[in-house]
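Only one structure is covered here, and it is reproduced in the block below.
The values are calculated or read from the model by the stated rules, or taken from the named source; none is laboratory data. Fair warning: this is a prediction, and the values are worked out from it, not measured in the lab. Here the Cβ is made from the backbone with ideal geometry for all residues, glycine too, and neighbour counts use every protein chain on show. With ligands, DNA and RNA removed, areas are computed over all heavy atoms of the protein, side chains included. Shrake-Rupley method; radii C 1.70, N 1.55, O 1.52, S 1.80 Å.
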Amino acid sequence: AGFVSALCWCGGLFLGAIGVYTHQLWLLWLGSGVIGGIGLGLGYISPVSTLIKWFADRPGLATGMAIMGFGGGAMVAAPLSNLLMATFAHGTDPGVAPTFLVLGLIYGIFILFGAFLIRVPPKGWLPAGYTPPTQSHGMISSKSLDATTAIKTPQFWLLWIILCTNVTAGIGILEQASPMIQELFKGRLGSTTAAAAAAGGGFVGLLSLFNMVGRFGWSSLSDKIGRKATYFCFFLIGIAGYVYQPSTDKEHLNSLPLFVNTACDLLSKYGGGFATIPAYLRDMFGPANVSAIHGRLLTAWSVAGVLGPALVNYIRAYYTHDKVVDVRAYPTVLYLMAGLLCVGLVANVLVRPVADRFFPAKAGDAS
């Protein structure tokens, strides 16, 4: 899976570079969009499923390590891409095509190195001192379901809603983080437009850092308090934060630090939701087919990736008059995201252990 991921992701960048160079938009969409997107999904799943097998006693910690790397990649890729474009730019050419080629080569080396190095533990191997449960207890199943059967269970679709609402709400604030802080706190981020833009960019970078740290911290905590309880924290605190956030722009509160702290807290839960969901799947459906089930569940991420920006941009456009954005757009966005988290909260309440009828009967069991 890792090897195919490298071929698709890097090949997609190469094809996208050809599309940019020849000014063929459909090649860019096909390359960095469709083919690269397939590689992205495969590369996301491969280390997650492998680490869960090595850390059977602490699956939340395992998925947190893998997905923290995914979230932290943007902190390397964004400045590297800017540096490469600045290096290759000349005249009216911004240097996008050669940047795609160089990134494809760099990514290919690292992904292939990981793909050939990666191993699953030998059959029967367990971490020292760990005894796996022989019977299902609480929200953790000792039996495993195949992916085809898993998607027929109500638990799968409840977890789908949980991930989709959590991601949509997180994208809602990440999508507009820079313009939001610049327009809500105009005049307090610097005396020039460039200074305000730099502050907005720094705010986005800070959110990315909390997004990454939240992936590791929250998923590790879920090993101690349980996956369902962890998502209750995400939704309850998240709802309070999204409802409270619009009030922090009032001048008499002098609340820029409070605004930033609240946003960072919300983004840590957005990242934590990504990292905790594979362990939640492992608890519900067993460890054997987490990779395949996780891949199907990530369609919720795809939907959220379209839904979140679309909702935010529609609301922002509605409140834009003569190219000036009314600051009332942002409270509307945040209240909408709080509503989505309420839907996710209800779905989390409804999650129960998977019924025995979905699991294959053992030899000798009554059918």
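The table below lists the values:
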| quantity | calculated |
| --- | --- |
| Percent carbon-and-sulfur accessible area, the chain, ignoring ligands, DNA and RNA, probe 1.4 Å | 69 percent |
| Prolate/oblate/rounded call for the chain, Cα gyration tensor, a/c under 1.5 rounded | oblate |
| C-alpha long axis of helix 329-350 to longest principal axis of the chain, angle in ° | 0 degrees |
| Cut-off 12 Å between beta-carbons: net charge of the residues surrounding residue 227, Lys and Arg +1, Asp and Glu -1 | +1 |
| ³J(HN,Hα), Karplus 6.51/-1.76/1.60, whole Hz, each residue of region 98-107, x for Gly, Pro | x, 5, 4, 5, 5, 4, x, 5, 5, 4 |
| Relative contact order computed over region 41-164 (Cα-Cα under 8 Å; 6+ residues apart), in percent | 20 percent |
| Per-residue HN-Hα couplings for region 113-121 [Karplus 6.51, -1.76, 1.60; θ = phi - 60°; Hz; x = Gly/Pro] | 4, x, 5, 7, 8, 5, 9, 9, x |
| Rough spin-label spacing in nm, given labels placed 7 Å along Cα→Cβ, for residue 356 and residue 112 | 5.2 nm |
| Tilt relative to the chain, helix 193-225 - C-alpha long axis, 0 to 90 degrees, to 10 | 10 degrees |
| Protection proxy ranking, peptides 305-311, 3-9, average beta carbon neighbours within 10 Å, highest first | 3-9, 305-311 |
| Table column - 3J(HN,Hα) (Hz), region 280-296, Karplus curve with 6.51, -1.76, 1.60, x for Gly and Pro | 4, 5, 4, 4, 6, 10, x, x, 5, 10, 4, 4, 5, 5, 4, x, 5 |
| For the chain: relative contact order, % (alpha-carbon pairs under 8 angstrom, 6 or more apart) | 25 percent |
| Cα gyration tensor, region 24-79 - rounded (a/c under 1.5), prolate or oblate | oblate |
| Per-peptide average of other Cβ atoms within 10 Å, ordering 74-84, 100-110, 11-21 highest first | 11-21, 100-110, 74-84 |
| Average accessible surface area per residue within the chain, 1.4 Å rolling probe, Å² | 49 Å² |
| With Cα atoms, 0 to 90° folded angle of helix 227-244 axis to the chain main axis | 20 degrees |
| Pairs of lysine residues in the chain - Cα separation under 30 Å, sequence separation of 8 or more or cross-chain | 29 |
| Ordering of 60-73, 145-158, 262-275, 114-127 by burial proxy (mean other Cβ atoms within 10 Å per residue, highest first) | 262-275, 60-73, 145-158, 114-127 |
